[in-house]
1. Can you name every residue in segment A:32-54 that is buried (at least 19 other Cβ atoms within 10 Å of the Cβ) and either within 23 Å of A:Glu172 (Cα to Cα) or assigned by the TED database to the domain that holds A:Ser169 (or both)?
2. Which members of segment A:84-114 meet the condition of being assigned to a strand (DSSP E or B), of a type outside the set (Val, Ile, Thr), in contact with a Phe, Trp or Tyr (Cβ under 9 Å, 6 or more places away or on another chain) and surrounded by 15 or more Cβ atoms within 10 Å (Cβ to Cβ)?
3. Report the residue count in segment B:130-144 for those that are within 10 Å of chain A (Cβ to nearest Cβ) and under 19 Å from A:Met139 (Cα atoms).
4. Is segment A:128-141 home to any residue that is in contact (Cβ under 8 Å) with a residue 24 or more places away in the chain, surrounded by 12 or more Cβ atoms within 10 Å (Cβ to Cβ) and either under 22 Å from A:Cys67 (Cβ atoms) or more than 21 Å from the chain's Cα centre (by Cα) (or both)?
Amino acid sequence: MYSYHGTIRVLVQVLWAYPLCGWTFGSELTFELPDNAKQCFYEDITIGTKCTLEFQVVTGGHYDVDCRLEDADGTVLYKEMKKQYDSFTFTAAKNGTYKFCFSNEFSTFTHKTVYFDFQVGEDPPLFPNENRVTALTQMESACVSIHEALKSVIDYQTHFRLREAQGRSRAEDLNTRVAFWSIGEALILLVVSISQVVLLRSFFSDRKTTTTRVGS
Amino acid sequence: MVSVKCILGSVYALYFHIGETEKKCFIEEIPDETMVIGKYRTQLWDKQMGSFLQTSPGLGMHVEIKDPDTKIILSRQYGSDGRFTFTSHTPGEHQICLHSNSTKMALFAGGKLRVHLDIQVGEHTNNYPEIAAKDKLTELQLRARQLLDQVEQIQKEQNYQQYREERFRMTSESTNQHVLWWSIAQTLILIFTGIWQLKHLKSFFEAKKLV
């Protein structure tokens, strides 16, 4: 009785812990990077894991950011300055904490919104406690290929959404700039033309008094 | 053995450092009726040991979530390990902000806090082994359910895309209108001020008997 309960408890623990470990942790985040700021993220990776880091600047300034990826010993694996979008795949050669940083230190007053997707390892299987001895049936392998295709559709949708957000941000910027500068220019036109006339009038008024003084 | 090894390792893999009063915000642009689950774990820096503590009781994080209209939909205090969840009712950019509520950090921790964060959106929030157990589904049925969830997410995203494209079009048309009307207005101002200048100066010079 005791050993049965004990086994069940261990089994429950394993089942609970399983979704938390091994396989993948794909992190996809969008955050705001203020001007002159640097934001770093860390992840513990085991040796031999295939990882992909993908980032894109969504809004802000010239839509560029510095990115730097270092491995556990501080060796720089990837370093690019002022990039708008990039994707970098690598296989972890060492165990340890990998670090990647985004820097907006070159910018004086524009905040940037940066999206990144850091995929570590493969996706977890649907049935964690299965150990596959028989091959997948035709139906099951069809399901698997549909699943992979849909995953790439969702991925393309994300990229499209980011590009559209970027385009929309530029369009809204353009709209406010056009409105602001149009009103500004109209005012400048009025002010300049009125002051031209006033200035000319003042020239002629002064000269008349000096000529009369010289005359007498 | 497996469970012990896994629990001791970092549970939610990606982490970053946060200062004492610092507020870190993340943006999630999602369609409506989408579920978002966020999990975090915090670790306090121990000055004496020179490393991060495994568990930090007494430490809390304040989580604030705003919807696209900047209305607060969730504002709660959680412990050092927390799990928050919300479902979007309007499509758009939702903002998830975290900040530490502890002021004792500077005294004990040298102001450094490590935050592990994991945010899952849409169909990634579904726990398939749980669903299989609850609804007693066979493997094939579970795979079909997963595919259905994925397709539903794609559909929602497409609808959201339609709504965003309309906003983009409205912005472009507004810019077009601005350019058109303000150009006409500026040209008219230019012509009229030019005419006014010439007339005014002519009458001025005639009055001064210079012409």
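The values are calculated or read from the model by the stated rules, or taken from the named source; none is laboratory data. For clarity, every value in this text was computed on a predicted model and none was experimentally measured. Every residue, glycine among them, receives a Cβ derived from its backbone with ideal geometry; neighbour counts consider all protein chains shown.
1. The answer is A:Glu32, A:Leu33.
2. Of segment A:84-114, the ones assigned to a strand (DSSP E or B) are A:85-91, A:96-103, A:112-114.
Narrowing further to those that are of a type outside the set (Val, Ile, Thr): A:85-88, A:90, A:96, A:98-103, A:112.
Imposing the further condition that a residue be in contact with a Phe, Trp or Tyr (Cβ under 9 Å, 6 or more places away or on another chain) reduces the set to A:85-88, A:90, A:98-102, A:112.
Within segment A:84-114, A:Tyr85, A:Phe88, A:Phe90, A:Tyr98, A:Lys99, A:Phe100, A:Cys101, A:Phe102, A:Lys112 meet the criteria.
3. Residues that pass the stated criteria total 6.
4. Narrowing segment A:128-141 to residues in contact (Cβ under 8 Å) with a residue 24 or more places away in the chain: A:128-129.
Retained after the next criterion (residues that are surrounded by 12 or more Cβ atoms within 10 Å (Cβ to Cβ)): A:128.
Subsequent filtering for residues that are either under 22 Å from A:Cys67 (Cβ atoms) or more than 21 Å from the chain's Cα centre (by Cα) (or both) retains A:128.
Yes, that holds for at least one residue.
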